[in-house]
Amino acid sequence: MTDAVVDVRELRKTFRVTEREEGLAATLRSFVKRHRKDVNAVAGITFRIDPGEVVGFLGPNGAGKTTTLKILSGLLHPTAGEARVLEYVPWRRENAYLKSMTLLMGNRTQLVWDIPAADSFRVLQEIYRIPEEQFRRTVNELTQLLELQELVHKPVRNLSLGERMKVEFAAGLIHSPSVAFLDEPTIGLDVSMQVRIRRFVAEYNRRTGATILLTSHYMDDVVALCKRVIVIHRGRLLYDGPLADHGDAPRWGRVVDRPRRLRHRRLARGGSCHPARGSAGGARAHREARE
């Protein structure tokens, strides 16, 4: 069996949150006695990803996708379980591991707000100790592919959301990582740029053999890039297998392949996968849910 690049076993992450009722009296009582409860963001998931795979990591909002990626990138410590990426334990945050992976989150920035992106690229070059020749080659490739010529010399605060996302994507791959965790990398981009990003990710995977774990609510991203999907819901693993063609797809394949008419009742219980009531598929799904 091929050694897995990502090996997750019974991974769990529990957050303890504080709850209180509204009102002044409840606020005053909370100073003396607080009501806490445990929330299982990740509830014992197990999966493996082999070298060179591009895997879609799917689920409704709050399913535990981002929490899992944060654990695998070393930002969070798990409550229980084991995980290894490139034979490293992520939350030990060893320098060799951090140089070999990237976490790109579509709603977070790693660029310095008040300076041009080109200067932030230089900062990242020093952080990752990238040789000058490799740095120039990588920046030129990313600049050409993402059409950054007129953007990299503007302060980041002057860029639109779509422009900033393109620059963020370049910054996340500037050190040529062999493992990439992409958390909704195309969020906020126009349709044509989403297509460019997909083509780039596919080409990056083909050229470098990088292993990629991708989350996205744009199912076109998943269909275009991933042959395998992992579906989680409320922190639990529901499906791990191929993204089949629609014609002979298993039930989970149909869920992924038709994002506007999600039918699977197990996901529908989460409240974020109901089809539009005005569609024919929606009417059938709601009749099934009532039965």
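Results for (1) more than 30 Å from L238 (Cβ to Cβ); (2) charged (D, E, K, R); (3) at pLDDT 90 or above, shown as yes or no for each residue.
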{"residue": "T67", "(1), (2), (3)": "no, no, yes"}
{"residue": "P78", "(1), (2), (3)": "no, no, yes"}
{"residue": "A83", "(1), (2), (3)": "no, no, yes"}
{"residue": "L98", "(1), (2), (3)": "yes, no, yes"}
{"residue": "L104", "(1), (2), (3)": "no, no, yes"}
{"residue": "Q110", "(1), (2), (3)": "yes, no, no"}
{"residue": "I115", "(1), (2), (3)": "yes, no, yes"}
{"residue": "D119", "(1), (2), (3)": "yes, yes, yes"}
{"residue": "R122", "(1), (2), (3)": "yes, yes, yes"}
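S192 versus (1) at pLDDT 90 or above; (2) more than 17 Å from the chain's Cα centre (by Cα): which is the lone unmet condition? Result: S192 passes all but (1). Taking the criterion of being surrounded by fewer than 23 Cβ atoms within 10 Å (Cβ to Cβ), in contact (Cβ under 8 Å) with a residue 12 or more places away in the chain and either in contact with a Cys (Cβ under 9 Å, 6 or more places away or on another chain) or under 21 Å from L243 (Cβ atoms) (or both), the residues of segment 181-196 that qualify are D183, E184, I187, Q194. Pairs linking a residue in segment 1-24 that is assigned by TED's automatic domain parsing to the domain that holds T79 to a residue that is of a type in the set (V, I, T) and part of a loop (DSSP other than H, G, I, E, B), with Cβ atoms under 7 Å and 6 or more positions apart or on different chains, are R12/T79; K13/T79; T14/T79.
On the phi < 0 side of the Ramachandran plot and either in a strand (DSSP E or B) or among the charged types (D, E, K, R) (or both): does that describe L189? Working first, answer last.
Numbers: on the phi < 0 side of the Ramachandran plot: yes; either in a strand (DSSP E or B) or among the charged types (D, E, K, R) (or both): no.
In short, no.
Matching residues to (1) more than 21 Å from the chain's Cα centre (by Cα); (2) closer than 25 Å to V222 by Cβ; (3) of a type in the set (G, A, S):
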| site | (1), (2), (3) |
| --- | --- |
| L24 | yes, no, no |
| G44 | no, yes, yes |
| I49 | no, yes, no |
| P60 | no, yes, no |
| A63 | no, yes, yes |
| L75 | no, yes, no |
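When only residues in segment 5-45 that are touching an Asp or Glu at 6+ places or on another chain (Cβ under 6 Å) and surrounded by 12 or more Cβ atoms within 10 Å (Cβ to Cβ) count, which is nearest to K70 (Cα to Cα)? Per the criteria, the residue is T14. How many of the residues making up segment 205-220 are touching a Leu at 6+ places or on another chain (Cβ under 7 Å) and without any contact (Cβ under 8 Å) to a residue 60 or more places away in the chain? Looking only at that region, the number is 0.
Can you say whether R228 is at pLDDT 85 or above and among the charged types (D, E, K, R), as far as the supplied structure shows?
Judged against the criteria, R228 is a match.
Just one of the listed residues (W113, W91) is in contact (Cβ under 8 Å) with a residue 12 or more places away in the chain and either aliphatic (A, V, I, L, M) or part of a helix (DSSP H, G or I) (or both), namely W91.
Out of all the residues in segment 63-76, which are of a type outside the set (S, T, N, Q), assigned to a loop (DSSP other than H, G, I, E, B) and closer than 17 Å to N95 by Cα?
Of all residues in segment 63-76, those of a type outside the set (S, T, N, Q) come to 63-65, 69-72, 74-76.
Keeping just the survivors that are assigned to a loop (DSSP other than H, G, I, E, B) gives 63-64, 74-76.
Passing the criteria: G74, L75, L76.
Considering segment 197-215, and only residues there that are surrounded by fewer than 23 Cβ atoms within 10 Å (Cβ to Cβ) and polar (S, T, N, Q), the residue that is nearest to the chain's Cα centre (by Cα) turns out to be N205.
Condition (residue is crowded, with 19+ Cβ neighbours inside 10 Å, of a type in the set (D, E) and in a loop (DSSP other than H, G, I, E, B)) applied to segment 146-156: is it met by at least one residue?
Taking segment 146-156 and keeping what is crowded, with 19+ Cβ neighbours inside 10 Å, we get 146, 148, 151-152, 156.
In the following step, the residues that additionally are of a type in the set (D, E) were identified as none.
No: zero hits.
Taking segment 124-145 as the range and being touching a residue at least 24 places away in the same chain (Cβ under 8 Å) and either assigned to a helix (DSSP H, G or I) or in contact with a Gly (Cβ under 6 Å, 6 or more places away or on another chain) (or both) as the test, the residues that pass are L124, Q125, Y128, Q134, F135, T138, V139, L142, T143, L145. Report yes if some residue within segment 257-265 is at pLDDT 50 or above and among the hydrophobic types (A, V, I, L, M, F, W, C); otherwise report no. No, there is no match, as no residue in segment 257-265 is at pLDDT 50 or above and among the hydrophobic types (A, V, I, L, M, F, W, C).
The values are calculated or read from the model by the stated rules, or taken from the named source; none is laboratory data. Computed from a prediction, not measured in an experiment: that's the story for all the values here. Positions of Cβ are generated from backbone atoms using ideal geometry, with glycine treated the same way; all protein chains shown enter the neighbour counts.
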